[in-house]
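J.: Sharing a structure below in structure tokens format, with a few things to ask.
Throughout, read-outs are computed from the coordinates displayed, never taken from laboratory work. Nothing here was measured: the structure is a model prediction, and the numbers come from that model. Positions of Cβ are generated from backbone atoms using ideal geometry, with glycine treated the same way; all protein chains shown enter the neighbour counts.
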Amino acid sequence: MKSFELGIFFLDLPGFHPVYDFPGILGNDFDRFGFVSYREHRIFKKDNSIDLNYLIRFWGFDSIEVRGKKVWISERNLYFVLTRPHEVRVNHGSDLSNELLKQIEERFLKGYEDGEVCFTKELGVSFPGLSLEEKLRHLKNLIEVSDYYLFFDGYLAPTYLYSIGYIQAVLVLACKEFRNLFMIKKPGIHNFSFKEIQVEETTPAPEIQVDAPKVADKIPLYHPFDEISTLWMSLLDFHHAPYFQTSPYYHSKSQIIDLLGMMFQEGQKGSQALLPDTVPALAQVPPGNYKLILNLLMHATYKLNQASGQGKVKLSTYAHVLKRTFSCYSSIAEDNLTKDFTRYIQDTCSVLKKMPEETYAYKSLSILKNIKEYKI
């Protein structure tokens, strides 16, 4: 019941419930998929001797390669299976076959990679705005909850193996983040202890009067939000076109809605926009031509908003928000970014026309046709 005691995490994991100890186990999965154990018929047991202080201070994870990817593992039973499969038995009878080992590796690795991607989601949208002490406290909770659920009992249900991989990756990144932040608080991390981590009362900083007008943190939207959101949903499938030469970064509609909430806000009372008030954050997108699609999406939003809006926001503000949100713009000056906005729009639109009709990228063309200069 750790999730209720320290905070709610992992609710999107299939088969997960914060009250039960086996994340990812659905219905009769215990019987359907079998289990693995030590060769001498000993079942797997949870290692309750792990000292989380030691785990973080001395980095008590083991690095192994799974299907060509380097991963860090602290769960001892799974580590045994992946590194010494010849000493593992299936259902207390047969040896662990190479095919079954491959399935275990693939399911665990898929969860691990998704856990890496969704780590910031598990932290929550309010995390960037917390104080150092509050961040340490929140990470401490996440670490303890992750350790509580990170137990491979030997069952081979796909969702269970996926959940173990996901939680293991979250634990690794949480420990890494915690250690780095704690070193800021106490360089050298001598006498390291979780007991020191408490949320301390802070005195609000005095307001600073600034003479120059402050640029709005978020851009008000006046154009109907259903069209804006459909447009930005292109980020879910544009990577299928070789033209962009990149891998997917966003995987769900909710991620795109959160992204829009980071950049925009409702423009007026009664607007169709139903945006979440998401805290702005920098997305570390992978290598690729992300700028080609992002330039189009942001410039199109600018044009649609200008046509529908009451308050005219300059294109430079859109450039500022774009640069603040995506790491691929880190080396580009905002002035240059506004000049590049329309440089490849025709080529990018041509690519979207070739996308499958069921994709958001293709559907967005009906919205982009409203912008005459795109000549769609």
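J.: With each pseudo-label sitting 7 Å past Cα toward Cβ, what's the Val117-Lys339 distance in nm, one decimal?
T.: 3.6 nm
J.: Still on this model: What list of ³J(HN,Hα) values in whole Hz, one per residue of the range 237-254 in order, does the Karplus curve 6.51 cos²θ - 1.76 cosθ + 1.60 (θ = phi - 60°) give from phi, with Gly and Pro shown as x?
T.: Values per residue, Gly and Pro as x: 9, 5, 5, 5, 8, x, 3, 7, 6, 8, 9, x, 10, 9, 10, 8, 4, 4 Hz.
J.: Between Lys70 and His92, what FRET efficiency comes out of the Förster formula 1/(1 + (r/R0)^6) with R0 = 35 Å and r the beta carbon distance, rounded to 0.05? Provide the component values of the computation, followed by the final result.
T.: Working: r = 32 Å, r/R0 = 0.93.
E between His92 and Lys70, to the nearest 0.05, is 0.60.
J.: Also: Using Cβ contacts closer than 10 Å as the measure, can you line up Lys110, Lys353 from fewest to most? Don't skip to the end; give the middle numbers.
T.: Numbers: Lys110 16, Lys353 10.
Ordered from fewest to most neighbouring Cβ atoms within 10 Å, Lys110, Lys353 come out as Lys353, Lys110.
J.: A further question follows. Under a point-charge model restricted to the Cβ atoms of Lys and Arg (+1) and Asp and Glu (-1), what is the dipole moment magnitude of the range 250-376 relative to its Cα centre, in debye to the nearest 20?
T.: Values: 16 positive and 10 negative charges, 76 e Å.
Once rounded to the nearest 20, the dipole reads 360 debye.
J.: Measure up Lys70/Lys102; Lys185/Lys323; Lys291/Lys314 against 26 Å on the Cα-Cα distance and list the ones that go over.
T.: On the way: Lys70/Lys102 16 Å; Lys185/Lys323 30 Å; Lys291/Lys314 20 Å.
In this structure, Lys185/Lys323 exceed 26 Å between Cα atoms.
J.: Okay, moving on. Can you compute the FRET efficiency between Ile8 and Asp226 using 1/(1 + (r/R0)^6), with r the Cβ-Cβ distance and R0 = 25 Å? Round to the nearest 0.05. Please list the in-between numbers first.
T.: Details: r = 30 Å, r/R0 = 1.21.
It comes out at approximately 0.25.
J.: Which of the peptides 245-256, 160-171 is most tightly packed, and how do the rest follow, judged by the mean count of other Cβ atoms within 10 Å per residue? Walk me through the intermediate numbers first.
T.: Details: 245-256: 15.1, 160-171: 27.2.
In descending order of packing, they fall as 160-171, 245-256.
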